[in-house]
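See structure below.
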Amino acid sequence: MTTRRLRSHRSPRPLRRAPLTRLILVALAIAATAPAQAQETSESNAAKTLDNVIVTGTRRVGMSVDDSPAPVQVVTAEALEQSGAPDLMNQLAFQVPSFNASQQGTDMTSATLVANMRALSPNHTLILINGKRRHFTSNVAVTGGYAGAASTDLSFIPTSAIASAEVLTDGAAALYGSDAIAGVINLITRKNASGGSVSAGTSGYDDGGGFTTNYQGDFGIGDDTTYFNLALESERRQTINRPGAPYGAAACVADRLANPTRGCPATGTATTPSGYPSSTGNAALGRENEYNMIYNPWFPNNSHQGDAPAIQRDVGFLSAGMFLDDGTELYGTGSFGKKKTQSWQSYRRPSQDGGVDRNGDGDRTDPIGGTGPRSGRPLTEADINKYPYGFSPSIDTDEKDWEVGVGITGELAGWRYDLSTNYGKNQMEIDVTKSMNFTLWNRTGASPESFYVGRFSATQWDTALDLSRDFDWGLAAPTTIAAGLEYREDTYGIDPGDAASYTGAGSASFPGYNPAATGSWERNNKAAFVNVILNPTEHWIVDAAARYERYSDFGSKAVGKLTTRYDFNERFAVRGTYSTGFRAPTMGESYYTAIQVGPTAATATLQAANVGSGLKPETSRNFSVGLVFKPLDNLTTTLDAYQIRIDDRIRLGSTLLYSTSQSVDTLCGRTAGCVPNPNLPDPADTNRDGRPDDAYNQTLGAALVAGGFISNGSDPTAPGGSMDATARANIGLNFFTNAMDTKTTGVDWVTTYNTAFDWAAIDWTLAANYNKTEVTRVGNAPADLGGRALLTDADVATIQYNSPKYRVNLGANIRFGERLALNIRENVYGPQYTLGTTSAYAAFPQIMNTLDLTTINGVTYYKAKIGTLYTTNIELAYTLDQRLRFSIGADNLFNAYPDKTPAAIRQYNIERYATTGARDYLLGSPLGFFGTRWFAKVSYTW
């Protein structure tokens, strides 16, 4: 009987005791002296070596990472554990410089935080599990810098299930299909037939919040021919609110109470303490009930904008397999997870609900009885305001995610084959709590506090057959021929919320999905590929691939890849790749529909298919060239430069304006980032029949009708539709569109150096990424929508500059004998910025003179810049008997924070009673604005 022994993915950690203070000093000294002190590795203090055979980026069996013609970075399970990062996505981002994870979001983006590679969309990175495509989340990002993101949610994969992660930083659509434009992350799961581990950890932030507990475990059973490995993880994570992020209106109230004669004014015509004219919002201070916000428990830091969500997460992953007598393997995987999130939203003032007319005098804002806060007691406001002290709504999600897969792999007639099928589903139910419906309150004096706003769902069923065979054609090495077929079905659906969630203004902070905007959609695609890998000479390898795919809704596309590497000797090699690729629009980008309603206006996100000509796939051209240098047996450096051109990139376009009574130029003057277009049809009542009947408004009106927001595209005031009647005069619309072409260039640098000394063994790592994205073309709306640019200059700046310009990771993993280890890592995040409008500040030199200004196309902006951030990360670990391990550590040890909002702008927004714009820290940094995170872990391995 032929048997195949399984290989364990575990290795002991040799450690020895030493004082922490000494270790830190030693680590700093080593940086300068290590090259001179390097010596042969002794058996007891050997620098760790790993089996470095990879399966990602190549279909040749036995390829090592050092010999790969494509750039691949391998992250071990041990490396993933060496930080306080709460989940797999953040652990990978901690290790891979070109991979950046978001730390906070707004609205639904808080429920599914995303990461991106090379500052491209999260949708441009393909996630594989054991080489098989993983399904996507059903939650489409609509707000933030990566609108449209609906990639794989890595939080549903327990870290304890992962043996290693292979990160391919190269275009690979010809090998793996749509989405593999920026790169591929292939997660290799544990397949142990024996042994296991359990661990418990806790972490929290030095400045408060984010307290987290994490419990993990995995175990394997089996024998020489079978394996069954189950991994489990449970996490509880609290939200984070920083006191340094005050709510502008609350700070204004505090100032007025402290300085009644010169504090923030209480009328719309007075002058603020700094000489700014007060806003109409200041007039709210004339209402006694507005002062009740001082009794809110968060006062004056009422704002929750940018807070990280609270998370409850329970996930599991199963890998199983059996080897037959002829070496054939039957395998299966399964995962299941539940995740609940709670995301606090921006604070709403006491009078922001508009009140209710209780006494029939036609005034919804007059309080009935009671004594005001300036007398020391809160005013009794229940008669006119539902929340007398104001309120902060919460978006609560309840998400389930699962996937099952089975396959068979072996040899038949000299061909290696792998036949597999995988089915995955993600489903998210959404509630808004501690909220209200302003329209219902104004009309009836009653409103629910909790709303069911709807449900997302997405499925993927992928079946693939891969074949490969080596042919000896007399070349320097056997030629590998690979080919395959793939069939995939995708579905996407939105289910409606309860009526109160979408009627009128809908549930405050996140209105529900109305029935007309919901539904279910599906598509399929078929693919075939061929791959040839040959060695013309002993030192030269050539890898060529071609792929053809046909989508049921987008037609067909053929792409290719040519990769080569030449080794001049054992120490030096060059490599390069040219490839074409594509990305089909996600189902969410094609069919997502939603609306946000304000007191006098509304913004609707419409299905792309209902506006213009719909979406088409993105196409890409990738070129990379690199060097592999190994001057010493224990020192390896790779340097890879790349350029990625993407045409017809999909993004949420800037807002188009639909109005029955005002010109676009007038509306544009009130819309941040909107530049008037003289060629745009005037949507005013041009023929004075009381209806917006030009082509521009007719097109947008038809899309609003299709979305269920209004009933008559020529007369938005007509009865019917879910949009609040008070918001129909000024309606903004946006939709996903092929908005632009981009060019991304950069360099990846990875150096590893293993050294050994009498007193310790040290693994040094230097990993860096430099990245630059340029928008080379901005698309225009269809002619009947005025032909205006689909992105503003501020949008373009966000795409180009709102990711760190570079990342550098410098680490030393020091092992002192068999018990004690110290891991030190310095992570550097380069500068980034967005553009902010200055129209509100142009008349005030005391503000403008403090800003970093730039003028584009005649419009002046200020740079909201986050400078270079340096973070020191440290872990100290102690192991007993190579089984019981204790570790403590800190991420961002010296409490680095991103830059603050310009002080003059922050003060302006406070004095003018602004609801936003007064937060302390700028958003968008991969660090968030949370500071030092401490962590402690204990684990037992058998």
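Just checking, which of 503, 537, 518 is within 29 Å of residue 346 (Cβ to Cβ) and out of contact with any Pro (no Cβ under 7 Å at 6 or more places or on another chain)? Working first, answer last.
On the way: 537 fails: within 29 Å of residue 346 (Cβ to Cβ); 518 fails: out of contact with any Pro (no Cβ under 7 Å at 6 or more places or on another chain).
It is 503.
Somewhere in region 863-872, is a residue in contact with a Leu (Cβ under 6 Å, 6 or more places away or on another chain), modelled with pLDDT of 90 or more, β-branched (Val, Ile, Thr) and surrounded by fewer than 20 Cβ atoms within 10 Å (Cβ to Cβ)?
Checking region 863-872: at least one residue is in contact with a Leu (Cβ under 6 Å, 6 or more places away or on another chain), modelled with pLDDT of 90 or more, β-branched (Val, Ile, Thr) and surrounded by fewer than 20 Cβ atoms within 10 Å (Cβ to Cβ).
Tally the residues that are surrounded by 23 or more Cβ atoms within 10 Å (Cβ to Cβ) and farther than 21 Å from residue 431 by Cβ, restricting the search to region 507-530. First the steps, then the outcome.
Keep residues of region 507-530 that are surrounded by 23 or more Cβ atoms within 10 Å (Cβ to Cβ), which gives 507-514, 517, 529.
Next cut, farther than 21 Å from residue 431 by Cβ only: 529.
Going through region 507-530 one residue at a time, the tally reaches 1.
If a residue has to be crowded, with 21+ Cβ neighbours inside 10 Å and either assigned to a strand (DSSP E or B) or modelled with pLDDT of 70 or more (or both) to count, how many in region 717-728 make the cut? So that I can check it myself, show each step before the final result.
First, pick out the residues of region 717-728 that are crowded, with 21+ Cβ neighbours inside 10 Å: 722-724, 727-728.
Now narrow it down to the ones that are either assigned to a strand (DSSP E or B) or modelled with pLDDT of 70 or more (or both): 723.
The qualifying residues number 1.
The rows are residues; the columns are (1) polar (S, T, N, Q); (2) surrounded by fewer than 24 Cβ atoms within 10 Å (Cβ to Cβ); (3) in contact with a strand residue (DSSP E or B) (Cβ under 7 Å, 6 or more places away or on another chain).
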residue: 99; (1), (2), (3): no, no, yes
residue: 104; (1), (2), (3): yes, yes, yes
residue: 112; (1), (2), (3): yes, no, no
residue: 126; (1), (2), (3): no, no, yes
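Would you say residue 891 is among the charged types (D, E, K, R), farther than 22 Å from residue 938 by Cα, buried (at least 18 other Cβ atoms within 10 Å of the Cβ) and touching a residue at least 12 places away in the same chain (Cβ under 8 Å)?
Details: among the charged types (D, E, K, R): yes; farther than 22 Å from residue 938 by Cα: no; buried (at least 18 other Cβ atoms within 10 Å of the Cβ): yes; touching a residue at least 12 places away in the same chain (Cβ under 8 Å): yes.
No; evaluated as a whole, the condition is false for this residue.
Is there a residue in region 123-132 that is within 23 Å of residue 772 (Cα to Cα) and either of a type in the set (S, T, N, Q) or in a loop (DSSP other than H, G, I, E, B) (or both)?
So in region 123-132, the residues within 23 Å of residue 772 (Cα to Cα) come out as 123-126.
Subset that is either of a type in the set (S, T, N, Q) or in a loop (DSSP other than H, G, I, E, B) (or both): 123, 125.
Checked region 123-132: at least one residue is within 23 Å of residue 772 (Cα to Cα) and either of a type in the set (S, T, N, Q) or in a loop (DSSP other than H, G, I, E, B) (or both).
Looking at region 481-490 only, could you name the residues that are of a type in the set (Val, Ile, Thr) and either surrounded by fewer than 17 Cβ atoms within 10 Å (Cβ to Cβ) or touching a Cys at 6+ places or on another chain (Cβ under 9 Å) (or both)?
Initially, region 481-490 is screened for residues of a type in the set (Val, Ile, Thr), giving 481.
Across region 481-490, there are no qualifying residues.
Where residues in region 894-927 are farther than 26 Å from residue 264 by Cα, in contact with a Gly (Cβ under 8 Å, 6 or more places away or on another chain) and in contact (Cβ under 8 Å) with a residue 60 or more places away in the chain, which of them is surrounded by the fewest Cβ atoms within 10 Å (Cβ to Cβ)?
Once the filter is applied, the top-ranked residue is 895.
Within the bounds of region 155-166, is there any residue that is farther than 24 Å from residue 234 by Cβ and touching a strand residue (DSSP E or B) at 6+ places or on another chain (Cβ under 9 Å)?
At the first step, the residues of region 155-166 found to be farther than 24 Å from residue 234 by Cβ are 166.
Pick out the ones that are also touching a strand residue (DSSP E or B) at 6+ places or on another chain (Cβ under 9 Å) and you get 166.
Yes, region 155-166 contains at least one residue that is farther than 24 Å from residue 234 by Cβ and touching a strand residue (DSSP E or B) at 6+ places or on another chain (Cβ under 9 Å).
Filter region 576-587 down to residues that are crowded, with 24+ Cβ neighbours inside 10 Å and modelled with pLDDT of 95 or more and give me whichever is farthest from the chain's Cα centre (by Cα).
Among those that are crowded, with 24+ Cβ neighbours inside 10 Å and modelled with pLDDT of 95 or more, it is 577.
Can you tell me which residue within region 275-298, out of those that are outside any helix (DSSP H, G or I) and surrounded by 14 or more Cβ atoms within 10 Å (Cβ to Cβ), is modelled with the lowest pLDDT? Break it down stepwise before answering.
Applying the first criterion (outside any helix (DSSP H, G or I)) to region 275-298 yields 275-279, 287, 296-298.
Still in the list and also surrounded by 14 or more Cβ atoms within 10 Å (Cβ to Cβ): 276-279, 287, 296, 298.
On the way: 276: 88, 277: 85, 278: 83, 279: 81, 287: 71, 296: 83, 298: 80.
Of everything passing the filter in region 275-298, 287 is modelled with the lowest pLDDT.
Of the residues 500, 458, which is among the small types (Gly, Ala, Ser), in contact (Cβ under 8 Å) with a residue 60 or more places away in the chain, under 30 Å from residue 391 (Cβ atoms) and in contact with a Phe, Trp or Tyr (Cβ under 8 Å, 6 or more places away or on another chain)?
So the residue among 500, 458 that is among the small types (Gly, Ala, Ser), in contact (Cβ under 8 Å) with a residue 60 or more places away in the chain, under 30 Å from residue 391 (Cβ atoms) and in contact with a Phe, Trp or Tyr (Cβ under 8 Å, 6 or more places away or on another chain) is 500.
Counting only residues that are among the hydrophobic types (A, V, I, L, M, F, W, C) and over 38 Å from the mean Cα position of the chain (by Cα), which one in region 334-377 is modelled with the lowest pLDDT? Talk me through it step by step, then tell me what you get.
Kept after step one, since they are among the hydrophobic types (A, V, I, L, M, F, W, C), are these residues of region 334-377: 336, 344, 356, 368.
Now narrow it down to the ones that are over 38 Å from the mean Cα position of the chain (by Cα): 356, 368.
Values: 356: 76, 368: 45.
For region 334-377, the residue satisfying everything is 368.
Can residue 90 be described as in contact with a Pro (Cβ under 9 Å, 6 or more places away or on another chain), buried (at least 17 other Cβ atoms within 10 Å of the Cβ), at pLDDT 85 or above and of a type outside the set (A, V, I, L, M)?
On the way: in contact with a Pro (Cβ under 9 Å, 6 or more places away or on another chain): no; buried (at least 17 other Cβ atoms within 10 Å of the Cβ): yes; at pLDDT 85 or above: yes; of a type outside the set (A, V, I, L, M): yes.
So residue 90 fails the test.
Among 839, 887, which is the only one that is among the polar types (S, T, N, Q), more than 28 Å from the chain's Cα centre (by Cα) and part of a loop (DSSP other than H, G, I, E, B)? Steps first, answer last, please.
Values: 887 fails: part of a loop (DSSP other than H, G, I, E, B).
Going through 839, 887 in turn, the sole match is 839.
Any residue in region 44-68 that is loosely packed, with under 14 Cβ neighbours inside 10 Å and modelled with pLDDT under 50 sitting within a Cβ distance under 8 Å of a residue that is in a loop (DSSP other than H, G, I, E, B) and not aromatic (Phe, Trp, Tyr)? List the pairs, counting only those 6 or more apart or interchain.
Hits for this filter: 44/14; 44/817; 44/818; 50/11.
Kindly provide the set of residues from region 95-111 that are assigned to a loop (DSSP other than H, G, I, E, B) and either out of contact with any helix residue (DSSP H, G or I) (no Cβ under 8 Å at 6 or more places or on another chain) or closer than 21 Å to residue 81 by Cα (or both), ordered by number. Break it down into steps so the answer makes sense when it comes.
Start the filter on region 95-111 by keeping residues that are assigned to a loop (DSSP other than H, G, I, E, B), which leaves 96-98, 102-106, 111.
96, 97, 98, 102, 103, 105, 106, 111, listed by residue number.
Just give me the residues in region 559-573 being among the small types (Gly, Ala, Ser) and touching a residue at least 60 places away in the same chain (Cβ under 8 Å), in sequence order. Steps first, please.
Step one: filter region 559-573 for residues among the small types (Gly, Ala, Ser), giving 560, 573.
Passing the criteria: only 560.
Name, by its number, the condition in (1) assigned to a loop (DSSP other than H, G, I, E, B); (2) at pLDDT 65 or above that does not hold for residue 619.
(1)
What are the residue pairs meeting all of these: first residue in region 541-558, first residue aromatic (Phe, Trp, Tyr), second residue assigned to a strand (DSSP E or B), Cβ atoms under 6 Å, and 6 or more apart or on different chains?
Between residues of region 541-558 that are aromatic (Phe, Trp, Tyr) and residues that are assigned to a strand (DSSP E or B), the close pairs are 548/528; 548/558; 551/525.
In the list 870, 862, 833, which residue meets the criterion of being touching a strand residue (DSSP E or B) at 6+ places or on another chain (Cβ under 8 Å), in a strand (DSSP E or B), of a type outside the set (A, V, I, L, M) and farther than 27 Å from residue 96 by Cβ? Before the answer, list the steps.
On the way: 870 fails: farther than 27 Å from residue 96 by Cβ; 833 fails: farther than 27 Å from residue 96 by Cβ.
None of the other options fit; the residue is 862.
Table: residues versus (1) modelled with pLDDT under 90; (2) among the acidic types (Asp, Glu); (3) more than 30 Å from residue 835 (Cα to Cα); (4) surrounded by fewer than 19 Cβ atoms within 10 Å (Cβ to Cβ).
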| residue | (1), (2), (3), (4) |
| --- | --- |
| 686 | yes, no, yes, yes |
| 694 | yes, yes, yes, yes |
| 701 | yes, no, yes, no |
| 712 | yes, no, yes, yes |
| 730 | yes, no, no, no |
| 736 | yes, no, no, no |
| 746 | no, no, no, no |
| 782 | yes, no, no, yes |
| 792 | yes, no, no, no |
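Residue 810: in contact (Cβ under 8 Å) with a residue 40 or more places away in the chain and buried (at least 19 other Cβ atoms within 10 Å of the Cβ), yes or no?
Details: in contact (Cβ under 8 Å) with a residue 40 or more places away in the chain: yes; buried (at least 19 other Cβ atoms within 10 Å of the Cβ): no.
So residue 810 does not fit the description; no.
Only one residue in 508, 458, 517 is touching a helix residue (DSSP H, G or I) at 6+ places or on another chain (Cβ under 9 Å), modelled with pLDDT of 95 or more and aliphatic (A, V, I, L, M). Which one? Outline the logic, then answer.
Values: 508 fails: modelled with pLDDT of 95 or more; 517 fails: modelled with pLDDT of 95 or more.
Unique residue meeting the criteria: 458.
Report the residue count in region 291-333 for those that are farther than 30 Å from residue 408 by Cα, more than 22 Å from the chain's Cα centre (by Cα) and among the charged types (D, E, K, R). Can you show your working first?
Step one: filter region 291-333 for residues farther than 30 Å from residue 408 by Cα, giving 291-313.
Narrowing further to those that are more than 22 Å from the chain's Cα centre (by Cα): 291-303.
Retained after the next criterion (residues that are among the charged types (D, E, K, R)): none.
Here the count works out to 0.
The values are calculated or read from the model by the stated rules, or taken from the named source; none is laboratory data. All values derive from a computational prediction rather than experimental measurement. Every residue, glycine among them, receives a Cβ derived from its backbone with ideal geometry; neighbour counts consider all protein chains shown.
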